[in-house]
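Report on the structure given below.
The values are calculated or read from the model by the stated rules, or taken from the named source; none is laboratory data. Predicted model, so just to flag it, every value in this text is computed and none were measured. Because the Cβ atoms are built from the backbone with ideal geometry, glycine has one as well, and the counts that use them run over all protein chains shown. Ligands, DNA and RNA are excluded from the accessible area calculation, which covers all protein heavy atoms including side chains. Shrake-Rupley method; radii C 1.70, N 1.55, O 1.52, S 1.80 Å.
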Amino acid sequence: MKLSRKWLNDFVDITDISDRDFAAAMTMSGSIIEGYSYPGADITNVVVGKIMEVAQHPNADRLLVCTVDVGKSDSVTIVTGANNIKVGDIVPVALDGATLPGGIEIKKTTMRGVASDGMLCSIDELSVTSNDFPGTDSSGILILSDDNNDISLDNVELGDDIRPVLGLDDSVAEFEITPNRPDCLSVIGLARETSAVFERPLNISRPTVKAGHGDISDYLEVEIESDLCSRYAARVVTDVKIEPSPAWLRERLRASGVRPINNIVDITNYVMLEYGQPMHAFDYSCIDGKKIVVRTSGKGETIDTLDDKERTLMENTLLICDETKPIAIAGVMGGANSEITEDTKVIVFESANFDGPSVRRTATSIGMRTESSARFEKGLDPENVIPALERACELIELLGAGRVIEGIIDCYPAPQERTSLELDADRINSILGTQLSEDFMKSILNRLGFEIDGNTVRVPSWRQDVQIVHDLAEEVARLYGYDNIPMTLMKGDITIGALSQQQRTEKVIENTLYALGYSDIITYSFIGTSSYDKIRMPGDSPLRNSVRIMNPLGEDTSIMRTVSLPSMMEALGRNYKNRNDWAHLFELATVYHPRNDDLPEERKVVTLGVYDEEFDFFDLKGDLEVVLESLRIDYRFIKSNKHPAYHPGQCAEVYSGSKLIGVFGQVHPAVTDSYGIDTRVYAAELDFNTMFDSIQQETMYRPIDKFPSIERDMAVVCDQSVPAGDLVDTVLRVSGELLKSCEIFDVYTGDQVPKGKKSVALSLIYRHADRTLTDAEVDDLFNLSLSALGKEFGAVLR
């Protein structure tokens, strides 16, 4: 935010305070000044002069020799090539030793035999433009006394410094305004701060508008259809005269970094800078139906903006419309179809309050951030709408730019309630480590515009950042002076930090995988739609429905992933291309599933990825068993061919009870080819949330068994289609508590078994907790298991 010291002095008289002291005090109060700029700093020894004589150069047809009075005892002689000068003109004269913008230094010289004591200056040489001084010609000398410009020569004498004459004698402070203080994005907002810091009177007069003709209800109607607009006000001006703004207004705009255009546009910019309230002016003749409707856009709606670009709007963009079309993007930019032109005779001034996040989303989606949107997105004061509108109309009358119609349209469905807080001096002193009196605190808050009734503090409407007692403490501290707060040791209760149960579970998974030789990776959550094609995801899969990024860096980062496998494959592919012989990687990846009218559901997926010549499907299965057992999760594996990304013959699903935890197996060769990997790849995707819900919360401990166990081996022949895990489940189910363990130690297919059959060898361990089992008891249980396998799967003892 650029602040003109001359403009600031209209509200707070600090002419006796140097720039250095001003910057130091304001910065210590929280309004940081990053630096100063001085518009005329590069201009020295350029003065006001009057041309007394003009003669043709004796040795050059295109040069003139001028005698110029610069207020000294002797006149100076200037040789110039300009042809727009005459005797009596008041002009800027760069004398011997003068400096101009761009590092130009003027010296006495001889031009074709005639001595020249300096140079007459044009606007280009003074680094100003025809926008700053309308009616001037950049190809000729700047004529200060020309009737075509409005440069004031009152109280100006010959020989005076040119900078005050051209308004280049200002000092402009560059403020860094934090996002929580949008009120300081204005001259008045910074004037309030200045008044409080220096304890000087604040002079803010209420705008007055004479408006004595017509009735606004005959011209316009306003309707708000969206709650994204909390307040909308409008006034109508007739008999509009489009012309340049006066010099004082142009000077202030220039100092604030805004290019003057014409009086109407300049007024809206001036009010935005002065009050911090963005405004817009519509050509009334372009408003169909004499009605303004504030609504949101439909799907695919477009508008041509003032920069002559067609904008396709995202759905639910807040718009200002008439009865038939949009005429502005609310809070961002006006439409070309309602632009002020030289033929405009009636205008509508808009002053409104729009939802900050909505404006920011809109500005981001169309790639346009304006001075207006930068203010709205931070959240503005709805009570500032009418004063700003009245100030604009006051300037219309002051500049003679039109006639203001009687009446204001003010749609304010739900007026904002001001925040009230209790002033607790002891609590504030405790927060700050000070011993300030309650009266002193009240005096500070009064200076900042807070209203105090007893111990109740009413926060001003423009201070929406003040919500709790800590905010009041901050206000007291910054005006008291942070450097005045005594240094003390920190004190307070010591608390013990701890990880949540979910965080502890994540640590167990990470440490287990580290121990198994895996390396942790972190990948981006953004992927491209082509990533789904690479993993052979069906076109009708619901997982293709992804959250789309509004402003993606590129097509390959345009959506939020719904599965983690593409990211893991990218990492494995990168390692393979870098000629790493093997890679064992894992990630606790986050995936995002869209939800209607809400933020996406975020879930974590434990993702493993391996390529290694000495690694196979059963190694991966064993690693998963270690992870699941470290978490005390009951699990079982079921063969599956439902996952296109995996090899149909080497893929299994992991269950805990009836809950599907995830899938693992060899990645399909077509998928590995798409990532440029010419070797077998194994991967696993386990849903962390389901794993966490499946953990046995209670651990049962039992003493070491006192009695010996009996071990038996069983080899059965069954169909190859029978999952070996189902054989184990059946044996465990029918054997009861006496069977302590049942594990597969061999699976054989070959010449020793019939075609289409396989041999599965099981190791069985039996034990009784209170006595030694007999061989007969174990034989009965063994035969029972064999019988059950025969009935359920047709299995026979080998």
Residue under evaluation Ala652, criteria (1) at pLDDT below 95; (2) open to solvent by less than 10 Å² (accessible area, probe 1.4 Å); (3) out of contact with any Gly (no Cβ under 7 Å at 6 or more places or on another chain), criterion not met: (3)
Conditions (1) crowded, with 16+ Cβ neighbours inside 10 Å; (2) more than 30 Å from Gly573 (Cα to Cα); number of the one not met by Tyr682: (2)
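Are there strands (runs of 3 or more DSSP E) fully within the stretch 550-658 with at least 1 residues that are aliphatic (A, V, I, L, M) and more than 23 Å from Ile522 (Cβ to Cβ)? List them.
Working: elements: 583-595, 598-611, 636-639, 646-656.
Once the strands (runs of 3 or more DSSP E) in the stretch 550-658 are filtered for at least 1 residues that are aliphatic (A, V, I, L, M) and more than 23 Å from Ile522 (Cβ to Cβ), what remains is 636-639, 646-656.
I need a count of the residues in the stretch 449-476 that are part of a loop (DSSP other than H, G, I, E, B) and open to solvent by less than 10 Å² (accessible area, probe 1.4 Å). Show your work before the answer.
Taking the stretch 449-476 and keeping what is part of a loop (DSSP other than H, G, I, E, B), we get 449-450, 454-455, 459-468.
So of that shortlist, the ones also open to solvent by less than 10 Å² (accessible area, probe 1.4 Å) come out as 450, 459-460, 463, 466.
Residues flagged as part of a loop (DSSP other than H, G, I, E, B) and open to solvent by less than 10 Å² (accessible area, probe 1.4 Å) within the stretch 449-476 amount to 5.
Can you find a residue that is within 26 Å of Val627 (Cβ to Cβ), small (Gly, Ala, Ser) and open to solvent by less than 90 Å² (accessible area, probe 1.4 Å) anywhere in the stretch 499-513?
Keep residues of the stretch 499-513 that are within 26 Å of Val627 (Cβ to Cβ), which gives 499-513.
From what is left, the residues that are small (Gly, Ala, Ser) are 500.
Filter once more, so that each one left must be open to solvent by less than 90 Å² (accessible area, probe 1.4 Å): 500.
Among the residues of the stretch 499-513, at least one is within 26 Å of Val627 (Cβ to Cβ), small (Gly, Ala, Ser) and open to solvent by less than 90 Å² (accessible area, probe 1.4 Å), which makes the answer yes.
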So Val65, is it of a type in the set (Val, Ile, Thr), closer than 22 Å to Ile177 by Cα and surrounded by 14 or more Cβ atoms within 10 Å (Cβ to Cβ): no
Filter pass, Arg418 being charged (D, E, K, R), at pLDDT 95 or above and surrounded by fewer than 18 Cβ atoms within 10 Å (Cβ to Cβ): no
Every residue from the stretch 519-566 that is under 15 Å from Ala683 (Cβ atoms), open to solvent by less than 10 Å² (accessible area, probe 1.4 Å) and of a type in the set (Ser, Thr, Tyr): Ser564
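For the stretch 655-679, enumerate the residues that are within 30 Å of Arg579 (Cβ to Cβ), crowded, with 16+ Cβ neighbours inside 10 Å and among the hydrophobic types (A, V, I, L, M, F, W, C). If you could, list the steps in order and put the result at the bottom.
Step one: of the stretch 655-679, the residues within 30 Å of Arg579 (Cβ to Cβ) are 663-679.
Keeping just the survivors that are crowded, with 16+ Cβ neighbours inside 10 Å gives 663-668, 671-672, 674-675, 677.
Scanning the stretch 655-679 gives Val663, Phe664, Val667, Val671, Ile677.
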One residue from Ala330, Ala352 being in contact (Cβ under 8 Å) with a residue 60 or more places away in the chain, closer than 23 Å to Pro207 by Cβ and of a type in the set (Gly, Ala, Ser): Ala352
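Please specify each residue of the stretch 537-549 satisfying the condition of being assigned to a loop (DSSP other than H, G, I, E, B) and either under 15 Å from Tyr592 (Cβ atoms) or modelled with pLDDT under 90 (or both). I'd like the intermediate steps shown before the answer.
So in the stretch 537-549, the residues assigned to a loop (DSSP other than H, G, I, E, B) come out as 537-541, 545-547, 549.
Those that are assigned to a loop (DSSP other than H, G, I, E, B) and either under 15 Å from Tyr592 (Cβ atoms) or modelled with pLDDT under 90 (or both): Asn545, Ser546, Val547, Ile549.
Name the one entry in Asp439, Asp493, Asp410 that is open to solvent by 60 Å² or more (accessible area, probe 1.4 Å) and in a helix (DSSP H, G or I).
Asp439
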Of the criteria (1) touching a residue at least 24 places away in the same chain (Cβ under 8 Å); (2) open to solvent by 70 Å² or more (accessible area, probe 1.4 Å), which one Ile90 fails: (2)
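So, of the residues in the stretch 237-264 that are open to solvent by 40 Å² or more (accessible area, probe 1.4 Å) and among the hydrophobic types (A, V, I, L, M, F, W, C), which turns out to be nearest to Tyr36 (Cα to Cα)?
From the stretch 237-264, those open to solvent by 40 Å² or more (accessible area, probe 1.4 Å) are 239, 241-244, 248, 251-252, 254, 257, 259, 261; that's our starting set.
With among the hydrophobic types (A, V, I, L, M, F, W, C) added as a condition, the list becomes 242, 248, 261.
On the way: Ile242: 34, Trp248: 21, Ile261: 25 Å.
Among them, the one singled out is Trp248.
Residue by residue, here is whether (1) at pLDDT 95 or above; (2) under 22 Å from Ala352 (Cβ atoms) holds:
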site	(1), (2)
Ala191	yes, no
Phe198	yes, no
Pro201	yes, no
Ser217	no, yes
Val222	yes, yes
Leu228	yes, yes
Val237	yes, yes
Pro246	no, no
Arg250	no, no
The stretch 78-87, subset out of contact with any Gly (no Cβ under 9 Å at 6 or more places or on another chain) and part of a strand (DSSP E or B), residue surrounded by the most Cβ atoms within 10 Å (Cβ to Cβ): Thr80
Matching residues, the stretch 318-362, being over 25 Å from the mean Cα position of the chain (by Cα), surrounded by 24 or more Cβ atoms within 10 Å (Cβ to Cβ) and assigned to a helix (DSSP H, G or I): Ser338
Subset of the stretch 103-126 (residues that are farther than 15 Å from Leu144 by Cα, in a loop (DSSP other than H, G, I, E, B) and within 46 Å of the chain's Cα centre (by Cα)): Gly103
Any hit, the stretch 381-398, residues being farther than 30 Å from Gly300 by Cα and in contact with a Leu (Cβ under 9 Å, 6 or more places away or on another chain): yes
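Residues are listed down the side, and each one gets a yes or a no for (1) over 33 Å from the mean Cα position of the chain (by Cα); (2) touching a residue at least 40 places away in the same chain (Cβ under 8 Å); (3) surrounded by fewer than 19 Cβ atoms within 10 Å (Cβ to Cβ):
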| residue | (1), (2), (3) |
| --- | --- |
| Asp169 | yes, yes, yes |
| Pro182 | no, yes, no |
| Pro201 | yes, yes, yes |
| Arg235 | yes, yes, no |
The stretch 223-233, residues that are within 22 Å of Phe282 (Cα to Cα) and either surrounded by fewer than 19 Cβ atoms within 10 Å (Cβ to Cβ) or hydroxyl-bearing (Ser, Thr, Tyr) (or both): Glu223, Ile224, Glu225, Ser226, Ser230, Tyr232
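Let's see how each residue does on (1) open to solvent by 50 Å² or more (accessible area, probe 1.4 Å); (2) more than 30 Å from Val563 (Cα to Cα); (3) out of contact with any strand residue (DSSP E or B) (no Cβ under 6 Å at 6 or more places or on another chain):
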residue	(1), (2), (3)
Asn689	no, no, no
Ile704	yes, yes, yes
Pro708	yes, yes, yes
Glu743	yes, yes, no
Asp746	yes, yes, no
Unmet requirement for Gly97, which otherwise passes all of (1) open to solvent by 50 Å² or more (accessible area, probe 1.4 Å); (2) over 18 Å from Ile141 (Cβ atoms): (1)
Some residue of the stretch 395-402 being without any contact (Cβ under 8 Å) to a residue 60 or more places away in the chain, open to solvent by 10 Å² or more (accessible area, probe 1.4 Å) and within 30 Å of Glu315 (Cβ to Cβ): no
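Within the stretch 477-490, take every residue that is outside any helix (DSSP H, G or I) and open to solvent by 90 Å² or more (accessible area, probe 1.4 Å) and give me the one that is nearest to Asp693 (Cα to Cα).
So in the stretch 477-490, the residues outside any helix (DSSP H, G or I) come out as 481, 485-490.
With open to solvent by 90 Å² or more (accessible area, probe 1.4 Å) added as a condition, the list becomes 487-490.
Values: Met487: 50, Thr488: 48, Leu489: 45, Met490: 41 Å.
Taking the candidates together, the pick is Met490.
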Qualifying residue in the stretch 113-128 (condition: of a type outside the set (Lys, Arg), in contact with a Leu (Cβ under 9 Å, 6 or more places away or on another chain) and over 18 Å from Thr44 (Cα atoms)): yes
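Given the options Glu711, Glu685, Glu698, name the one that is modelled with pLDDT under 90 and either part of a strand (DSSP E or B) or under 24 Å from Val627 (Cα atoms) (or both).
Details: Glu711 fails: modelled with pLDDT under 90; Glu685 fails: modelled with pLDDT under 90.
Just a single option satisfies the conditions, and that option is Glu698.
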Single unsatisfied condition, Arg733 versus (1) crowded, with 17+ Cβ neighbours inside 10 Å; (2) of a type outside the set (A, V, I, L, M); (3) out of contact with any Asp or Glu (no Cβ under 9 Å at 6 or more places or on another chain); (4) more than 16 Å from Arg712 (Cα to Cα): (1)
